[in-house]
Each structure stands twice: as C-alpha cells, then as structure tokens.
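The values are calculated or read from the model by the stated rules, or taken from the named source; none is laboratory data. Not measured: the values here are computed from a predicted model. Note that each Cβ is placed from the backbone with ideal geometry, even for glycine, and that neighbours are counted across all protein chains shown.
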C-alpha cells in the first residue's frame with residue numbers, strides 16, 4: 001500500500017477534479033469563467049491558510065526558502081491562473097467532459113518536460129501504458145456526439161479544444177515547476193498554500209488594476225445560488241485535489257502521476273450523462289475501458 005502512495009494520491013486527485021469540474025461548470029454558467037477563477041482562488045487561500053495554521057501553527061509558510069517561493073509561486077501562476085483560465089472557458093464551450101479530456105494531453109507534455117529538465121526516465125512499458133491511456137481518452141474526445149455549449153454561449157468547439165490544449169500546457173509546466181519547489185520532501189500543504197497565495201495575489205491584483213474586482217464581487221452577491229458550487233469546487237479542487245496532486249508528483253514520477261491525474265474524463269462519463277444530459281455513445285465507453293487498462297498497466301509496471 002505505502003509503495004503506491006503517489007499513485008493512489010494521483011488517482012484520488014482525479015476523483016476530486018471530476019467533482020470540481022462539475023461544480024465549476026455550474027458556477028461558470030451563472031457568473032462567468034473569469035469570476036469563478038478569482039473566487040475559487042480566494043476561497044482556496046482561506047481554506048488552506050486555516051488548515052496550515054491548525055496543522056503547522058502558522059497561517060503562511062514564511063520559513064520556506066526564497067527559491068521554493070519562486071518555483072512554487074511560478075507554478076501557481078502558470079498552472080492555476082493561466083492554465084485554469086483556459087480550462088474554465090473550455091467548460092463553457094465544450095462542457096466539463098470534453099474540457100477535461102483535453103487535459104489528458106498534460107501527461108505527454110509533462111513527461112517530455114520531466115525528461116528534458118529533470119532527467120526522469122520512464123521504462124518502455126510505462127511509455128506504452130501512457131500511450132494506451134491517452135489512446136482510450138482520444139477515442140472519447142473524437143466521438144462525433146458533441147455536447148452543446150452552455151446557455152448563452154455560441155458553438156465554439158474548435159476554440160474549446162484550443163482552450164483545453166492551453167489548460168493542458170499550463171498544468172504540465174506547473175507540475176514541472178512544482179516538482180522543483182517540492183525537492184527535499186518539502187511539506188505538500190505548505191507548497192499548495194504558496195501556490196495558491198501566488199496565484200490568488202496575481203489574479204486579484206490584475207482584477208484591481210482593471211477595475212473588475214467589484215464587478216466580480218457584485219456578480220457573486222447577486223447570484224446567491226452560485227455559492228454552493230463555488231464552495232464545493234474550491235474544496236474538491238484547489239484545496240483537496242491540488243494538495244493531493246503535489247503529494248503525487250512528490251512520491252512518484254511526474255509522467256505516471258500526471259497520467260493518473262488525467263482520468264477525470266473517465267469519471268465524468270456518467271456525470272456528463274446523468275447531470276449534464278449529454279449523449280454518450282459506444283465509442284466513448286470503449287475509450288473509457290481502454291483508458292482504465294492503461295492505468296492498470298501503470299500499477300503493474302511501476
């Protein structure tokens with residue numbers, strides 16, 4: 001069991017991100033993707049700061065070296081501000097299932113970056129497992145049955161796919177930078193809080209400079225029903241999910257961790273069918289089974 005802590009953390013991250021994708025899709029349809037990104041980062045900093053104080057005795061990990069703040073802060077800005085901005089827009093244009101499917105390309109990007117910058121080598125069978133997993137997910141994304149965009153949004157399937165690619169690139173680069181900041185078994189809770197503080201600071205400073213902070217707050221206050229999905233998404237995503245993702249990349253290879261964290265499209269199949277009323281065909285089901293087979297290979301080969 002303990003030999004697979006990183007893999008189990010990554011798999012649980014997928015479950016959390018499946019939930020947060022659903023929550024934030026509902027929220028974005030009410031107040032917009034930009035407002036959701038700002039609100040969930042503020043909530044995440046509050047949740048993590050309180051947890052950090054209760055667990056470690058300080059609200060902010062001020063004892064962390066400047067180099068860790070640099071690497072983890074950069075990871076937060078690229079992964080959580082830029083990457084997730086693309087992701088939330090993809091949710092509006094192509095729905096949570098297809099949006100998260102595009103995120104499945106993050107493992108390929110992350111594995112290549114880890115090979116180049118971190119010197120992490122994967123066994124041929126591990127590469128094969130990654131290819132099998134991604135092939136299964138690709139079958140799902142290429143299913144001709146496409147979900148309808150959110151109410152009020154024009155059909156933008158192509159732009160939704162490009163937004164998903166931007167999200168995948170942001171996650172991949174963010175993972176590599178976070179891996180550098182986690183060196184030496186640095187506490188994952190502190191690391192997650194640093195990432196959220198950096199990302200939240202940047203996104204709200206930009207909002208203030210563009211005089212949009214008040215608009216965001218008013219949008220939330222006039223839509224009280226959005227609070228529940230915002231809280232649910234913040235808890236399962238940037239709070240629990242990202243915390244587990246850092247444990248995953250700390251305890252196993254970036255390529256393996258990011259592949260297991262690319263499974264939300266699999267878990268989102270029933271959610272897409274029963275919650276968002278999507279039409280899902282046999283091709284999507286077969287792709288799901290192939291993806292699960294790839295994950296099983298990762299456990300057997302690792």
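A few notes on this one:
- Candidates 217, 246 - the one that is surrounded by 23 or more Cβ atoms within 10 Å (Cβ to Cβ), out of contact with any strand residue (DSSP E or B) (no Cβ under 7 Å at 6 or more places or on another chain) and farther than 27 Å from residue 138 by Cβ: 246
- Helices (runs of 4 or more DSSP H) lying entirely in segment 198-302 (those with 2 or more residues that are closer than 26 Å to residue 114 by Cβ): 240-251, 254-260, 264-274, 282-301
- Subset tally (residues that are surrounded by fewer than 17 Cβ atoms within 10 Å (Cβ to Cβ) and in contact (Cβ under 8 Å) with a residue 40 or more places away in the chain) for segment 249-296: 8
- Residue that is modelled with the lowest pLDDT, among those in segment 169-195 that are surrounded by 24 or more Cβ atoms within 10 Å (Cβ to Cβ) and within 15 Å of residue 88 (Cα to Cα): 171
- Lone unmet requirement of (1) in a helix (DSSP H, G or I); (2) within 28 Å of residue 40 (Cβ to Cβ) for residue 125: (2)
- Single match in 25, 13 (criterion: farther than 22 Å from residue 259 by Cα, buried (at least 21 other Cβ atoms within 10 Å of the Cβ) and within 14 Å of the chain's Cα centre (by Cα)): 25
- Every condition in (1) in contact (Cβ under 8 Å) with a residue 24 or more places away in the chain; (2) touching a helix residue (DSSP H, G or I) at 6+ places or on another chain (Cβ under 6 Å); (3) closer than 29 Å to residue 210 by Cβ is met by residue 29 except one, and the failing one is (2).
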